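Notes follow once the structure below has been shown.
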Amino acid sequence: MTTSISDRQLEIIEAAGKILTASGVSGLTIKNLANEMEFSESAIYRHFSSKEEIVIALLEYLAKSMDERYSNAISAEQSPEEKFITLFQNQFIFFKKKPHFVVAVFSDGLMEESQRINETISKIMAVKIKHLMPIILEGQQKNVFTNAITSDELIHIVMGTFRLQMFKWRVANFQFDITRNGDNMIQSVLTLIKSN
């Protein structure tokens, strides 16, 4: 992951995210980005060598942000169920404020752009698993979550459900309240995975 990005680079990736949201991958060009920011194209190239580098920086920023937010939001005193709720609520609130990150992860054509972009999207999933797996394991050890299926399978079910919710929000052009729908999703998933 990028160790740090400058304020200007952050402005550029935020602007790139807005273009992705409005115009998709095909609309994200250095020329459009320069117009959006009222910069020259050469000013963009001083910070990033290519469109791919901008998308990777955006995704790496998301992974780093997720890692920091989860670490700060989840406390050892919380029950496994509270940790589970906190983790997903935190993500829904973040995406509601910054929907362009959802677009970056779910854009048609973005996955085919490059192997490096795919690897960076995999890093985002790895961050999610890093924080979710201990919650699932603790929940299973304390008999809060079912032991009828493995922790790996539970992770796939939970993350798949989360990704589907985000994808539905994306294709609905962000027209529904992701935090309210997200809370409903969290409760439904907990109903499924809790021990009887």
Does region 108-125 include one or more residues that are surrounded by fewer than 18 Cβ atoms within 10 Å (Cβ to Cβ), in a loop (DSSP other than H, G, I, E, B) and out of contact with any helix residue (DSSP H, G or I) (no Cβ under 6 Å at 6 or more places or on another chain)? yes
Do you know which residues across region 22-37 are crowded, with 21+ Cβ neighbours inside 10 Å and either of a type in the set (Lys, Arg) or in contact with a Phe, Trp or Tyr (Cβ under 9 Å, 6 or more places away or on another chain) (or both)? Leu33
Which pairs have Cβ atoms under 8 Å, sit 6 or more apart or on different chains, and link a residue in region 175-196 that is farther than 19 Å from Thr86 by Cβ and of a type outside the set (S, T, N, Q) to one that is open to solvent by less than 40 Å² (accessible area, probe 1.4 Å) and part of a helix (DSSP H, G or I)? Phe176/Trp169
Which one of these does Ile93 not meet: (1) assigned to a helix (DSSP H, G or I); (2) open to solvent by 30 Å² or more (accessible area, probe 1.4 Å); (3) over 17 Å from Thr179 (Cα atoms); (4) of a type outside the set (S, T, N, Q)? (3)
Based on what the data block shows, is Phe101 among the aromatic types (Phe, Trp, Tyr), open to solvent by less than 40 Å² (accessible area, probe 1.4 Å) and over 11 Å from the mean Cα position of the chain (by Cα)? no
Could you tell me whether Asn147 is assigned to a loop (DSSP other than H, G, I, E, B), among the polar types (S, T, N, Q) and modelled with pLDDT under 95? no
Kindly indicate the residue of region 153-196 that is of a type in the set (Phe, Trp, Tyr) and not in a helix (DSSP H, G or I) and also farthest from the chain's Cα centre (by Cα) among those meeting that condition. Phe176
Could you run through region 175-196 and say how many residues are over 15 Å from Gln91 (Cα atoms), surrounded by 14 or more Cβ atoms within 10 Å (Cβ to Cβ) and of a type outside the set (D, E, K, R)? 3
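Within region 161-174, which residues are among the β-branched types (Val, Ile, Thr) and buried (at least 18 other Cβ atoms within 10 Å of the Cβ)?
So the first thing to find is which residues in region 161-174 are among the β-branched types (Val, Ile, Thr), and the list is 161, 171.
Across region 161-174, there are no qualifying residues.
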Which condition number in (1) open to solvent by less than 60 Å² (accessible area, probe 1.4 Å); (2) touching a residue at least 24 places away in the same chain (Cβ under 8 Å) is the one that Glu53 fails? (2)
Test each condition in (1) open to solvent by less than 80 Å² (accessible area, probe 1.4 Å); (2) closer than 21 Å to Arg180 by Cβ for Glu82 and report the one that comes out false. (1)
Quick test of your reading of the structure: Phe145 fulfils all but one of (1) under 30 Å from Val25 (Cβ atoms); (2) of a type outside the set (S, T, N, Q); (3) over 12 Å from the mean Cα position of the chain (by Cα); (4) buried (at least 19 other Cβ atoms within 10 Å of the Cβ). Name the failing condition by number. (1)
Taking Lys64, is it open to solvent by 40 Å² or more (accessible area, probe 1.4 Å), in contact (Cβ under 8 Å) with a residue 60 or more places away in the chain and out of contact with any Pro (no Cβ under 9 Å at 6 or more places or on another chain)? yes
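The values are calculated or read from the model by the stated rules, or taken from the named source; none is laboratory data. Predicted model, so just to flag it, every value in this text is computed and none were measured. Ideal geometry is used to build each Cβ from the backbone, glycine not excepted, and the neighbour counts take in all protein chains shown. Quick note on the areas: whole protein, heavy atoms, side chains included, nothing else; ligands and nucleic acids left out. Shrake-Rupley method; radii C 1.70, N 1.55, O 1.52, S 1.80 Å.
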